[in-house]
Amino acid sequence: MPNGDRHPPLEAMAATYWVESRQPLASLVFLAPLLAVYEAGVLLLGVQNGADAFMRRVLDLLGFGQHFLLPLLTIAILLGWHHLAHRSWRLSGGIVSAMAVESVLLALALRAVLFLQEALFHSLRPTLALGVVGTLKDAVGFLGAGIYEELLFRLILFSLVAWGLRTAGIVPWLSLLLAAVLTSLLFAAAHNVGANGEAFQWFSFIFRVLAGLFFSVLFVYRGFGIAAGAHAAYDILVGVFG
């Protein structure tokens, strides 16, 4: 008779994936190819995401102007986080493809939120769609948006705000909620500042607040990799395919 223990049951595989995909090492392995494509696009195509440009300006002001410092810092943060969490350095096979599928499904769920908002707030809908049919160059830029906007607004700012609120004596669940709201408002507002900022529209602002909350929940419960992957997949879905 075949050994029934040779192939783990589906429930065990799902439980393993749920835990491993949240780990920083899985996030790094999943996002590394996307990060490489985006950084090549910065050098060869001249694309650059706003969050990426902002963080590079901050590094420049601190005297660190090397181009590859930011992606190297991103890698170092994830490796250091994984080390401090005392997690295993082994990952199950197929985790990257499973994370890619999950990210696309979550992007479709966020797209459904946009459809619902369009139905509920038709009068606030902007004259131009949030996404404009674009090119391969745009798609490469959206990879950077997924990675670096999540790095800035969720991994750095959300974590710092939540930590600060907990340090101030606020209970953990409320500190996470307040951090999600505050950083989501900042995330939405950031799209309307700077030389390339969009003209303010309530429809776009409200949706981006909702998107910020969505990505905050993903960051807390599914980890940085899934949040960044879903963000990039959504931007490509809407920005390239319309």
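Just so it is clear, none of the values below were taken in a lab; they were calculated from the coordinates. If you're wondering where the values come from, they're calculated on a predicted model, not measured in any experiment. Because the Cβ atoms are built from the backbone with ideal geometry, glycine has one as well, and the counts that use them run over all protein chains shown.
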(Q) Treating only the Cα positions of segment 10-239 as identical point scatterers, give the base-10 log of I(q)/I(0) from the Debye formula at each q in 0.07 Å⁻¹. (A) -0.22
Q) Mind checking the angle between helix 24-44 and the chain's longest principal axis? C-alpha axes, 0 to 90 degrees, to the nearest 10. A) 40
Q.
Based on alpha-carbon atoms only, what is the radius of gyration of segment 66-189 relative to the globular estimate 2.2 N^0.38 Å?
A. 1.32
Q: Using a Förster distance of 25 angstrom, determine the FRET efficiency expected from the C-beta separation of Val171 and His86, and round it to 0.05.
A: 0.45
Q | Fewest-first sequence of Met55, Met13, Met99 by Cβ atoms within 10 Å of each Cβ | A | Met13, Met55, Met99
